[in-house]
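One structure is given here, and the rest of the page talks about it.
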Amino acid sequence: MADPNSELAEQLQFDMPHAARIWNYWMGGKDNYEADRAAGDAVAAVYPEIVVMARQSRRFLIRAVRFLAAEAGVRQFLDVGTGLPTMQNTHEVAQQVAPESRIVYVDNDPLVLVHARALLANTTSEGLTTYVHADYHDPERILAGAEKVLDFDRPVAVMFMGVLGYEPDLEVVRSIVGRVMDATAPGSHLVLWDGTDTSPAVVEGADKLVQSGGVPYILRSPDALARCFEGLEMVEPGLVPITRWRPDDPDAEAIDAYGAVARKP
């Protein structure tokens, strides 16, 4: 029988910049190649804060998941657009707080799938961690895969962490988020952050990414991101720069990335 990881590896193009590997490079990871580093450096040359954004995005994830598991009592997590595993992934944070937590990771990237199969493993005997190979443009496929592990009659934390800019149409983004949230029970939460067009430098950085061969990423205004939370109850402090969402460091500076956690009533 063919090794599925080998088949997926054949699809990878190491000489072309790859979004997940570029992000991995900015985060200080090792799963990247020369083309990824060149594209990442080109962006960082005009927008050095991208490295801060990448690393602060993981700190936001850690704080949000810890809040959901420890304070909101959530035991089920649907992490859509997982990206390459790095440090303190969703299942590690959640199961550290609540060992019985169940986590479903979702991505359509063959590189991510190879790594997910190897690295996204349970940290406890009580919990469960699995992976669904699907594109976030197909919420029904995501839900069909996730419901094999998650009980949608109980609260679920749905997470879109810095991935929705790959869809240029805001109304499509809102539809994707809405269709997933509509399937969840009251008491579920939406966790979402994304890059914002809140400085000329970050816009220039996004342009440089495209010039370097990277996939275009749409930066939106905080007001546009807020529309993804319509019908939900914002958890304090609301939609803010991710460095200022319940920060470990009260002096953290604002960056061009906004995020929030909101509850389904």
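The values are calculated or read from the model by the stated rules, or taken from the named source; none is laboratory data. Just so you know, these numbers come straight off a predicted model, no measurement behind them. Virtual Cβ from ideal backbone geometry, glycine too; neighbours counted across all protein chains shown.
Out of the range 217-233, which residues are out of contact with any Phe, Trp or Tyr (no Cβ under 8 Å at 6 or more places or on another chain), among the aliphatic types (A, V, I, L, M) and either assigned to a loop (DSSP other than H, G, I, E, B) or in contact (Cβ under 8 Å) with a residue 60 or more places away in the chain (or both)?
If the condition is that a residue be out of contact with any Phe, Trp or Tyr (no Cβ under 8 Å at 6 or more places or on another chain), among the aliphatic types (A, V, I, L, M) and either assigned to a loop (DSSP other than H, G, I, E, B) or in contact (Cβ under 8 Å) with a residue 60 or more places away in the chain (or both), then Leu219, Leu232 are the ones that fit.
For the list (1) more than 30 Å from Glu34 (Cβ to Cβ); (2) modelled with pLDDT under 95; (3) in contact with a helix residue (DSSP H, G or I) (Cβ under 8 Å, 6 or more places away or on another chain), I need the number of the one condition that Asp251 fails.
(3)
On the basis of being closer than 16 Å to Phe67 by Cα and buried (at least 18 other Cβ atoms within 10 Å of the Cβ), does Leu225 make the cut?
no
Take the conditions touching a strand residue (DSSP E or B) at 6+ places or on another chain (Cβ under 8 Å), among the acidic types (Asp, Glu) and within 28 Å of Glu233 (Cβ to Cβ) and apply them to Asp151. Does it pass?
The answer is yes for Asp151.
With the condition kept exactly as written, say whether any residue in the range 90-105 is in contact (Cβ under 8 Å) with a residue 24 or more places away in the chain and within 16 Å of Ala20 (Cβ to Cβ).
Scanning the range 90-105 turns up at least one residue that is in contact (Cβ under 8 Å) with a residue 24 or more places away in the chain and within 16 Å of Ala20 (Cβ to Cβ).
Answer with yes or no whether Glu236 is of a type outside the set (A, V, I, L, M), without any contact (Cβ under 8 Å) to a residue 12 or more places away in the chain and out of contact with any Asp or Glu (no Cβ under 6 Å at 6 or more places or on another chain).
yes
Filter the range 105-142 down to residues that are more than 22 Å from Val215 (Cβ to Cβ) and crowded, with 20+ Cβ neighbours inside 10 Å and give me whichever is modelled with the highest pLDDT.
Only one residue fits best here, namely Thr129.
Considering only helices (runs of 4 or more DSSP H) fully contained in the range 130-216, which possess at least 2 residues that are over 27 Å from Arg37 (Cβ atoms)?
The qualifying helices (runs of 4 or more DSSP H) are 139-146, 170-182.
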